[in-house]
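Report on one structure; see the data block that follows.
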């Protein structure tokens, strides 16, 4: 039996496929309402993330609009439905739940380990970037279109690049010393949250209605 993380990944895949390859209906909003009820305390932060992502979506929508306005609207609606669903589904995840889901679905151990270490490096770089950003603010740095600002940005990117190489080498040496054989052992959640059961039932109902109609 697959765990809750793998079930969540399957729900995300099924929902994305249904929204992408079928006509839009009001039924597609039901899973978002369900998940929004469970994540109501984080809706403000999730909407903010969705608005940031919509900058790129709006650019694509405007590009398609000149060729086919109806297709542009469908692109905008489908993209936001899929993004909103995934943001709500993985609202409390830092990415490692996806790794557990991949392991639960039976992906090769080497692939799961690669995704795990990629996420680890991304979190490390995010912390380092936040640290450098705080340092620049403490020293009174102001973003501007000057030669000094561009040099500062270049130095920042260079330090992050060097940090990435040093960190990756350190991790590689550590795992060689511990006898790493290509598999990362992860803690799996044994119980399935109520929202996953309800979400599976909702998506199954949508699929059934689409098939019957």
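Exposed (fewer than 13 other Cβ atoms within 10 Å of the Cβ) and either assigned to a helix (DSSP H, G or I) or not assigned by TED's automatic domain parsing to the domain that holds residue 40 (or both), is that true of residue 71?
yes
Any residue at all in the stretch 130-146 that's closer than 30 Å to residue 111 by Cα and at pLDDT 85 or above?
yes
Can we say residue 158 is surrounded by 10 or more Cβ atoms within 10 Å (Cβ to Cβ) and at pLDDT 85 or above?
yes
Keeping to the stretch 7-31, report how many residues are free of Cβ contacts under 8 Å to residues at least 60 places away in the same chain, surrounded by fewer than 13 Cβ atoms within 10 Å (Cβ to Cβ) and assigned to a helix (DSSP H, G or I).
Going through the stretch 7-31 one residue at a time, the tally reaches 3.
If you check residue 62 against the conditions, is it modelled with pLDDT of 85 or more, in a helix (DSSP H, G or I) and either outside the structural domain of residue 163 (by TED's automatic domain parsing) or under 30 Å from residue 182 (Cβ atoms) (or both)?
It is true that residue 62 is modelled with pLDDT of 85 or more, in a helix (DSSP H, G or I) and either outside the structural domain of residue 163 (by TED's automatic domain parsing) or under 30 Å from residue 182 (Cβ atoms) (or both).
Would you confirm whether any residue within the stretch 153-169 is farther than 30 Å from residue 37 by Cβ, out of contact with any helix residue (DSSP H, G or I) (no Cβ under 6 Å at 6 or more places or on another chain) and not in a helix (DSSP H, G or I)?
no
Quickly run through the stretch 104-119 and pick out the residues that are in contact (Cβ under 8 Å) with a residue 12 or more places away in the chain and surrounded by fewer than 17 Cβ atoms within 10 Å (Cβ to Cβ).
Result: 105, 109, 110, 117, 119.
Since residue 91 meets every condition but one in (1) surrounded by fewer than 17 Cβ atoms within 10 Å (Cβ to Cβ); (2) assigned to a loop (DSSP other than H, G, I, E, B), which condition does it not meet?
It fails just one condition, (1).
The values are calculated or read from the model by the stated rules, or taken from the named source; none is laboratory data. Predicted model, so just to flag it, every value in this text is computed and none were measured. Note that we place each Cβ from the backbone using ideal geometry, even for glycine, and neighbour counts take in every protein chain shown.
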